[in-house]
Structure formats: C-alpha cells, structure tokens
Amino acid sequence: MDKVVVVGGGHAGCESAYALSKMGIDVLIITLDKTSLGRVSCNPSMGGIAKGHLIYEIEACGGVQPLITDRASMQYRMLNRKKGSAVWGLRAQIDRGLYERYMTEFISSIGNIEIIQDEVVDVITEGGRVRGVVASDEGELNCSAVVITTGTFLNGLLYRGEEVWEGGRIGDGASKGLERFFERVGIELGRLKTGTPSRLYWRSLDLDRLIRQDGERGILNFNYEFVRDEQLLCYIAKTNRQVHEVIIKNLDRSPLYQGHIKGIGPRYCPSIEDKVVRFSDKESHILFVEPEGWENELCYINGLSSSLPADVQDEMIHSIEGFEDAEVAWYGYAVEYDYVNPIQLKPTLELMAVDGVFLAGQINGTSGYEEAAAQGLVAGVNAGNYVLGRKPFVLARNESYIGVLIDDLVTRGVDEPYRLFTSRAEYRLDLSQYSARLRLTERAFEQGLINRNRLEWVEQLGRNLEKYRRELESRRMRVGEEDMTGIEYIRRNSNPYNMLPIDDAYRQILSIITVEDIRYENYRKRMRREIDEARRLMMIRIDDIDYDEVDGLSTESRQRLKRVRPANLDQASRIPGIRPSDIISLMIYRRKKRDDVKESRAG
Amino acid sequence: MSENNIIVAEATPRGVGAISIVRLSGDNCFTVAKSFMSGLPEDNPPESGKVCLVNLVDGEKVIDKATVVFYKSPYSYTGEDMVEIFCHGSPAIVSTIVSIAESLGARRARAGEFTKRAFINGKVDIITAEAINSLTRSMTKVGSSIAMSVMKGNLKTVIGDISKGMLLIQALIEAIIEYEEDIPVEGTMKRVNTELNELIKQLQRIEASYGAFKVLSGGANVVIVGRKNAGKTTLFNRLLGYERGIVSEHPGTTRDYIREPLHLGDDYLIYLTDIAGLGEVSDDIDMMATESARGVISNADILVFLVDVQYGWGGIEDKILGSLSDKEIVYVVSRADLCEEGVVKVFKKVESITGCKPIVISSITMQGIDELRERVRAIMSSLSKIGTFLVSERQRELVWEMIIHLKRVVNLIERGEGIEMVAEEMRCAIRCLELFEGRGYTDEMIDKIFEEFCVGK
Ligand SMILES: Cc1cc2nc3c(=O)[nH]c(=O)nc-3n(C[C@H](O)[C@H](O)[C@H](O)COP(=O)(O)OP(=O)(O)OC[C@H]3O[C@@H](n4cnc5c(N)ncnc54)[C@H](O)[C@@H]3O)c2cc1C
Ligand SMILES: Nc1nc2c(ncn2[C@@H]2O[C@H](COP(=O)(O)OP(=O)(O)O)[C@@H](O)[C@H]2O)c(=O)[nH]1
Ligand SMILES: [Mg+2]
C-alpha cells in the first residue's frame, strides 16, 4: 500500500496527517519530538480576525485544529463584535500544555498514522518524482509522496542581543540537511525572521494596576457549541516613554539593527523595538498579558516581542506599570530560518520541480498556526489525491479564505512573512465564519474529509434558512411609528445582531447567516458579476503555453509568467507586474491556437 | 500571424498636402512593402529606423518617389513590424498605394486599429491611447494642446494623486477592521471623513472638465434665444458675416433652427444656432418649432439671450429665463438703435433681474457686436484654464461612478453602518479607478473602447 511521509508534527503536519488518514492512506509522521505534536511556539491563542475565519473553514473540512482548540481553550472573545458579522473573528486563549497533549493523544490514536521521532535530512527522487526520504537514525524510508512541514526549523538561528545559537525555537534544535535536497532540485531558499516575547511569572505582577479583560460568555465556539464555562482573565498593560527610551538607548545591541539578522520580519507583528522606531511619535503601545495555561504560573506578554539582550529586556519590563517587580521566566528572542518562496509551488502546494513533494506551513513563508494548518490540510489532501491518482483539490478565492491564502502564496510569492487579513479577500462579504460549512461541506465531502451526517446537516440548514427567511417576510414588526417586515427591519437597523437568540446555537447560526444574506445582498449581486467575469478568465487555461511563442509580451512579463506558470488567465492577471495588455496578448494567442486547431481539423 | 493581420491606412489627414504618410503594420508587412518598392538597399531586411529613398511601383509603372522607414518589432509605434511610407501628398497616390498593399494581402485598418495594436502590445496605456484619439479628432488648437498635455502624462499625474487619496482612505478603513485593538476608531473615522470630502470635491471638478474639453476641442454650442422679432436671425447673420438666415419684419419667420460653425480667432470654435422665437404659441407649426427649440437649448453650452429694446423685459422673458436652468448666459439688449432713450431702462431692468450687465447691440450700426464676440471668447478661454481635462466619455463615466461610490461611503458612515460595508463601497470606488487607469480589462471592454477610434493613427 502507498504510504505518505509527513515531515514535522507541527500545525501543518498534524493537519496533513489527519486529512490523509481519513482518505484511507497510511501516514508516517517523522518529527523531532513525538511527545509534543502541534506545539504552540509563540502566543497561547488561536484565531482572531481572518485567522478565526480559517479555523472555521478548517472545521468545515473536518480538520483537527478546531477540535483541539475548543478542548484546550481557556477564554473566548469575538473580535470586531461591533462590526458586521462578515468580519467577526473568534479568538480563543488556549492552554499551551493541554493543546499539545490533546493533539499528541489524538493523532497518536489514529490507526493508520505511525509516528517516529527522527530527523529527515534528505528526500530521494527518481525520474522527477519522490521515492522516499532519508532520516538520521532510520536511514532510507520509502514513500509515494511526502509533505514537508518543518516550520521555523530549517537552519534555524535564535538571536537575543549578542547571543546566537542554533535552534528551531527555544528548547528545540535546528534541522539541517533538507536544504541540500532543495538545492539539488533547483529550489531557491530565502531567509525570514520572527520573534517572541518574554514570559513572566503571574505572582510577580501587580494585577490591580492593569486593565482586566474578561472572556465573553454565551458565544459559539469553533464547533458551534455555546461557551458557558468559567474563563480565565487576560490583562492589558502599556509601554511608556521610559520603556521607549530604554529601547532607543540600546538599539545598537539589537542583532537586527547590527545587521546580523538578514531575514525579513513580519511588518504586521513587529518586535517592540521595530514599533518604537517606526512609530516614534506614539507615546505608548498596548500589551496583552495572556495566561499560558490553567495551572501554568507563566504569562505571555503579547506585543513585547524582542531580540534585545536580556539585561535590556529586563530594564524595559521593569519600567512598565504593574511590572515593576516582575520575575522573568525567560526572555524574548528572534528566530531566523530558511523558507521556500511558494511561487515555486503549484496551487496544490506541490513543488513544480519534483512530483510528489508537497510543502505546507511556515516553510512556505507564512506565519501563524492557522495559516499553517490550512496549508497542511490542502497539501495533505493533494498528496492523497496524488497517490490515489485523483484530481487536485484547489479551493477558489471566492469560496474560501483558504483559497485566498494559497492563491496569494503561489501566484504572488512571498518576500516577507505572510499573514492572512480579511482585506486580502476580494469577496469578503461572502466569506463569514458562519457560512464556512455552507461553502465548503460539499467540497470536503467529495474528498472524504467529512461524513454523510455532516453533509445532511448542511443540507437541512439550507432548507431551514429558506424557511426562516419566509418567516421573517411574514412577520410584522413595529419600530417607533413604522410597521415593517422582519426583513426590512434587518435591512434598516444598523445593529440587527441585538435580536440574536442567545440560548439556541442552531437558531443563532440561522439568524446570523440570514442577517448577512439580507444586509450584504446588494454587494453580493455585484460580487456575483465580478466572480462571473473572473470565472470566464479561469476557463481559459494557459498551463501548457510556451510563452516564447506569444506575441506582444515583454521580456519581464515572459519571465514572470514562466516563474509562476499560472494555471489560467485569472491567476495570471493577479501576478504582480503583469499588465492588462499581457492578458490580452495571451487571450489572443489562445483564441488563435483554438482557431488553428479548428482549421487543421477542418482541413 | 496570417497575412490578413497586416493592416494598412493613411496616417495623415485626408487631403492635399506636401507629404502623406501610409502605414503598414503586422508580421510579414516588410515582405508586402518590399514587393512594391524598387531601389531598396541590399541589406535585408533593411536596418530598423533607417530612412531609405525608393521608387514605389505598380507592376512596371513607377507611381511615386518616396522615403520609407522600416521598424522592426518591438521598436515601432504598434510594437509589431511596421513600415511607414512618406509619399507625395496626393489623394490619388495614397489610394493607389493602399490598394496595391491590399492586393498583396494587407487589409484596410479599422478605426483606431494602429493605436489598438500599440495598446495590446503594451506600447501605450489606455489613457495615452485615448489622448491620441482625441488629438486626431480635435477641431481646435486648444483641443489639440489639451490632448497633448494628456499624452505627456498630465491626467495620469492627477489620477495618481486621486489614487493615493483613495488608497489612504482604504488603508484607514481596513486598519479599523484588521486591528481593532490598536486603532483609535473615532479619530481615524474623522480623518477618513475629511479625506473623503476633499476627494469628492476634487473628483467633481475633474468630472466637470469633460464638458469643458468637449466645448474646447469639438466646439461650443452657442444658441441665440429671445422673443420673436428680437433680431436673432439678423444677429446670427452679422456674427457669421454673411446672410444665412431669412430675416423679415413678420414675427415668427424662423421656425426651424439653423446651425453654422464659426471660428473665434485661431483657438476656439463655436457652433452658432439660430432658433425660432419663443413666446405665445399661435399655430401648430409654431408649437413644433418651440419643441425643437427646447431640445436645442438643452444641448447648448452658451446662450445669447436677446432682450428687445422696444418690448423690454416682460412675461415672455421671464418664461425664457425659467427654461434655461443653470446654463452659461450672455444677456444682450438688442435693436438698440430703434429706441435710444429706452436703452438705459432696459439695461437696468435686465441687470436687476439677472445680476448681469447686458451688452447693448445693434445689428444695423454694429454697436456691441465685437464686444459680444469677445464675451463668448472670454467664456471659452476661462474654460481652458481648468488645467486637467478628461478626454473621453469613458473617463467621465468612471469618475462619475467614483463620486457615487464615495458619496455612498460618506452616507454609510453617517448612518453608522458596518465598517465592512463601508470598506466594500470603497473597494467599488477603487475598482473604478483601476478601470480608469486601464487595469483589469477584459477583451470585450477593450473592443468597446476602440470602437470609436479614428482611422490611421
Ligand atoms: C520564536 C517564534 C516566534 C513566533 N512568532 C509568531 C508570531 O508572532 N505570530 C505568528 O503568527 N506566528 C509566530 N510564530 C509562528 C508559528 O509558531 C508558526 O507559524 C507555526 O507554528 C507554524 O507551523 P508549522 O506547522 O509550519 O511549523 P512548526 O509548528 O514550527 O512545526 C515544525 C515541526 O517540524 C518538525 N521538524 C522540523 N524539521 C524537521 C526535520 N528535518 N525532520 C523532522 N521533523 C522536523 C519540528 O519538530 C516541528 O514539530 C512564531 C514561531 C517562533 C518559533
Ligand atoms: N433697426 C434695427 N432693426 C433690426 C435690428 N435687428 C433686426 N432688425 C429688424 O427686426 C426685424 C426682425 O428681425 P429678425 O432678425 O428676423 O428677428 P428674429 O425673429 O428674432 O429672428 C427685421 O425687420 C430686422 O430687419 C437692429 O439691430 N436694428
Ligand atoms: Mg428669426
């Protein structure tokens, strides 16, 4: 029987393995530490704006991340609650220890997944396709496909001030060897960096001087159950001028500003030293103090990521109100690692250069657990389809954030850490958290990722939505002097969410989706038109074109197209630097080709 | 590409000039061109961009001596292989050359096809292409110089600024969605509002410039209005400088309208229109005349409103004024020689009602005729000072759409609607801007744009 090797047991790796196992394929996970699958390397939380959307979509595709998140959760909040539900983003604080424990238990208990602790150092290919991998201890292992999900580990270097040491994250070694495989098959590697903040002891903080942040009760979790249990608190602290002065004074001791770190860091999740330098007029930056676990005596200081030397971080921390007597468990650091520019991948996340090698997660230049898991899911399913000889599984931009994410990666490439935003989706109003199952269930069912019960549940939901809408149409409501139908009420009230049923999860989903359907109706009509237009371009396939034969393309455009090898004209139109005139040239070429074929058939 | 993809046309305006240019473009057009030329240098194909002197031959017969330039793709106007023939400027020679080329497999270029090919091959962008089109169509010097300034990038710069403004607003709105915890919402929305209002005003000015461009480049519609017998047709004839319309002492002589072009100096062109007098309707034909007069008025750019010195300002004048809405109007006290003592009274009356000083004229003594001409010229000249012009209906429509979307953005914010809807509306505005700049077009849209282009260029 065909076997797929998954290299790495992080967020991407676990998701890949789980998807493959459901497709009935034997999976071998090879990872550096088999007792900590799905370790959260950085912040103890899952979801948020756009990231919450991803988790809901993974849920709709029967993924593992939402399951474990809800089980390990300690607090929930709905970000953007005051805005429309298309941009609500559910965020859960999670117990870091429980998360990896539950994940390890869950994945280990699956019959057709085997896990070994080892380091993969090479990939064996034959005739342009993968044949196996080489592990340090086990040596050669055969497989029909491999999913590489090594996260921040490839040639990872950790930095803190003048200190530099090898590692994938604190407490873990780096991984080496795979770069030789990549070089051999002509894949370019780049360098990126990211960082993490200090961990402090709860007992040493003066919580009375921080702002307390409660969890929200009565909202739905990622598995559509009401959150009723007790929740842990977070706190808000703030940097101040003194903190900023400490940073500025010691900038020359930062490995970043000294030029040791070459990798590019995330703009949207910068270190505190970056924030202070870039926004020099801001007097204070917000910090979130988040629990690391129910029983954990440490807290995570979200917003204080830094790679300054320990003594500087010490001074900085103690200048913050409420942190005067803080005891530091360990200090923040930065990690710099190799990544593969995903422009070298197909929309299935398979390398263009070698058949059967799939890449997912941070190795593709993304950051974040949710982005990693989403890619893991897609790479896993496609590795499965590759082995089974089935058609690729590619989600479109208009049906999911997963589609947006992967299309961005393979079409535009990555030169700084990539994070998903709702604004990256051109059809945002179509892609709310609660419509995820409606959008993706059928696709997931086709791939064998979910069972028939779920499919029926969604079909039932569709029918109930129609019924609910009819009810609203015939319901009369009085608002002030005016008499109106439920539909009009929802259309005209700027906060229609205040009438959500709060004790019935199903009714709540029903109402939210209906509110969206009504309020976004006009925009959606316009989107439909755009989608149709894009679809026409999508139908024009150009994956087999010899760009040298196409008239009217500039040399640069030709190079760009050769690099990305877009599947169709729609994808081509999103490649940076490709001009409308290039698209027209391709269109004309395609038409002509078609006419030539017709002619030769006729003649 | 196959043979019929070679196109040919005269690139210079039709008519007799010293030199005419005939252009061929497309793969293999060198072969076609060479087969009706003799005396080409030996190097084959001729060096790109080099000027050669040749005889143009029709079989054995030499039809002209001409200079030709061969341009190798992509270094040509269209980006394809291209040949330009500079022949003697006779329509007969030009049409012979074109037919020879046709007989050799080229086909006559459709309207705007050279520019369309230049666009497809990435040699010019859509805004430049539209400027080239408006340059070829312009009837006046001012119109040409506006088109030239657009070709040089004037409009693109202004649109670039608009684009920056829009992207800033979008960034602010998106930041509120993506970073709800770090962004001060109220302050940011205030800023969004200020920026929006500024942008809307700017776009409104830009939109209005298209009307001005049409007037300056294609000629202004100047319509003479006034009650029957006020002297409209006589004035019309005086301004034209010849007797075009029939003048009689019977009221209602002019029933249909007549229109004639008239150059005001080198720079400006107007179309002067004389219509039936407005007033009480006395018979059926009159009724129709008044109907058609209304149509003419609604298309007018400038109105010359005659107030007869003998009748003064009465109910009819009130009615006329009411029908002119917000047009540019030049008031005139007409037939001044008939009642010199009444002039001051009528002058004052007109001034007090309209707030404008009328021009006092007589078509007999010619008093005030030059002043009237000068006043119309001044109106045109003030239009030309706008600075940035839109040069196509497509551009105007898109700017108009941008304004609509931005106004909706303002409205959604006022009503406290979800910011994600505000953001969506903002995206629509930006989409129009992208279309304006020629990003994101499909092939049907391209065909539509080029439908109205001129031959040759
Ligand atoms: C210091 C630090 C700071 C971060 N900061 C942020 C942040 O601020 N914001 C954010 O969104 N994300 C941050 N992250 C990123 C987040 O942790 C990752 O995006 C996410 O964990 C990526 O998931 P993954 O599955 O791709 O890789 P990982 O979760 O890193 O998993 C990689 C797995 O591969 C295994 N492995 C590696 N090499 C080999 C090999 N050769 N053979 C076998 N197994 C191997 C490892 O043991 C590990 O199990 C940070 C990560 C680190 C380390
Ligand atoms: N004395 C004098 N008679 C004029 C003048 N303009 C027009 N008329 C006469 O007024 C009459 C009506 O003129 P016409 O131009 O046909 O008026 P319309 O009905 O407004 O077009 C004719 O008899 C003209 O000769 C003028 O400036 N002075
Ligand atoms: Mg008349």
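A few points about this structure:
- Some residue of the range A:216-233 being crowded, with 18+ Cβ neighbours inside 10 Å and over 28 Å from the mean Cα position of the chain (by Cα): no
- Considering the range A:410-424, and only residues there that are in contact (Cβ under 8 Å) with a residue 40 or more places away in the chain and within 20 Å of A:ARG439 (Cβ to Cβ), the residue that is farthest from ligand 3 (Cβ to nearest atom) turns out to be A:LEU420.
- Qualifying residue in the range B:98-118 (condition: modelled with pLDDT under 85 and either of a type outside the set (D, E, K, R) or under 30 Å from B:LEU262 (Cβ atoms) (or both)): yes
- Out of A:GLU530, A:GLU516, A:GLU556, sole residue that is crowded, with 17+ Cβ neighbours inside 10 Å and within 11 Å of another protein chain (Cβ to nearest Cβ): A:GLU516
- Every condition in (1) outside any helix (DSSP H, G or I); (2) more than 16 Å from ligand 2 (Cβ to nearest atom); (3) over 30 Å from A:LYS82 (Cα atoms) is met by B:GLY211 except one, and the failing one is (1).
- From the list B:LEU199, B:LEU172, the lone residue that is within 14 Å of another protein chain (Cβ to nearest Cβ) and away from ligand 3 (no atom under 16 Å from the Cβ) is B:LEU172.
- Selection from the range A:169-217 of residues that are charged (D, E, K, R) and touching a helix residue (DSSP H, G or I) at 6+ places or on another chain (Cβ under 9 Å): A:GLU188
- Failed criterion for B:LEU216 (all others in (1) hydrophobic (A, V, I, L, M, F, W, C); (2) within 16 Å of ligand 2 (Cβ to nearest atom); (3) not in a loop (DSSP other than H, G, I, E, B) hold): (2)
- For A:ILE542, the conditions (1) within 26 Å of the chain's Cα centre (by Cα); (2) more than 24 Å from A:ARG428 (Cβ to Cβ); (3) β-branched (Val, Ile, Thr) are fulfilled apart from (1).
- Pair list, Cβ under 7 Å, 6 or more apart: the range A:79-93 residue on the phi > 0 side of the Ramachandran plot, other residue not small (Gly, Ala, Ser): A:ASN80/A:ILE49; A:ASN80/A:VAL87; A:ASN80/A:TRP88; A:ASN80/B:ILE177; A:ASN80/B:GLU180
- The range B:75-97, residues that are surrounded by 16 or more Cβ atoms within 10 Å (Cβ to Cβ) and within 23 Å of B:PHE119 (Cβ to Cβ): B:SER76, B:TYR77, B:THR78, B:GLY79, B:GLU80, B:ASP81, B:MET82, B:VAL83, B:GLU84
- Scanning the range A:287-307 for residues that are in a loop (DSSP other than H, G, I, E, B) and charged (D, E, K, R), we see that the one that is farthest from A:LEU232 (Cα to Cα) is A:GLU297.
- Filtered residues of the range A:127-163 (kept if away from ligand 1 (no atom under 14 Å from the Cβ) and of a type in the set (A, V, I, L, M)): A:VAL130, A:ALA145
- Extreme residue, surrounded by the fewest Cβ atoms within 10 Å (Cβ to Cβ), among residues of the range B:355-406 that are within 16 Å of ligand 2 (Cβ to nearest atom) and of a type in the set (A, V, I, L, M): B:MET366
- Qualifying residue in the range A:306-318 (condition: of a type in the set (A, V, I, L, M) and touching a strand residue (DSSP E or B) at 6+ places or on another chain (Cβ under 6 Å)): no
- Test: residue in the range A:255-270 that is surrounded by fewer than 16 Cβ atoms within 10 Å (Cβ to Cβ), within 23 Å of the chain's Cα centre (by Cα) and either hydrophobic (A, V, I, L, M, F, W, C) or at pLDDT below 90 (or both): yes
- If the condition is being surrounded by 23 or more Cβ atoms within 10 Å (Cβ to Cβ) and either of a type in the set (D, E, K, R) or out of contact with any Phe, Trp or Tyr (no Cβ under 8 Å at 6 or more places or on another chain) (or both), then the range A:409-421 contributes A:VAL410, A:TYR418.
- Residue count for the range B:66-77, restricted to those that are part of a loop (DSSP other than H, G, I, E, B) and within 15 Å of B:SER38 (Cβ to Cβ): 0
- In the set B:VAL225, B:VAL215, only one residue is within 16 Å of ligand 3 (Cβ to nearest atom), closer than 30 Å to B:ILE386 by Cβ and surrounded by 22 or more Cβ atoms within 10 Å (Cβ to Cβ); that residue is B:VAL225.
- Matching residues in the range A:476-522 - criterion: being small (Gly, Ala, Ser) and part of a loop (DSSP other than H, G, I, E, B): A:GLY480, A:SER494
- Leading residue by the ranking (nearest to ligand 3 (Cβ to nearest atom)) among those in the range A:1-57 that are among the hydroxyl-bearing types (Ser, Thr, Tyr) and part of a loop (DSSP other than H, G, I, E, B): A:SER41
- Of the residues making up the range B:386-434, those that are part of a helix (DSSP H, G or I) and either at the interface with another protein chain (Cβ under 10 Å from one of its Cβ atoms) or among the charged types (D, E, K, R) (or both) number 20.
- In the set A:GLU473, A:GLU466, A:GLU459, only one residue is farther than 27 Å from A:TYR401 by Cα, among the charged types (D, E, K, R), outside any loop (DSSP other than H, G, I, E, B) and not assigned by TED's automatic domain parsing to the domain that holds A:ALA396; that residue is A:GLU473.
The values are calculated or read from the model by the stated rules, or taken from the named source; none is laboratory data. Here the structure is a predicted model, which means the values were calculated and not measured. Counting neighbours? That spans all protein chains shown, and the Cβs are built from the backbone with ideal geometry, glycine included.
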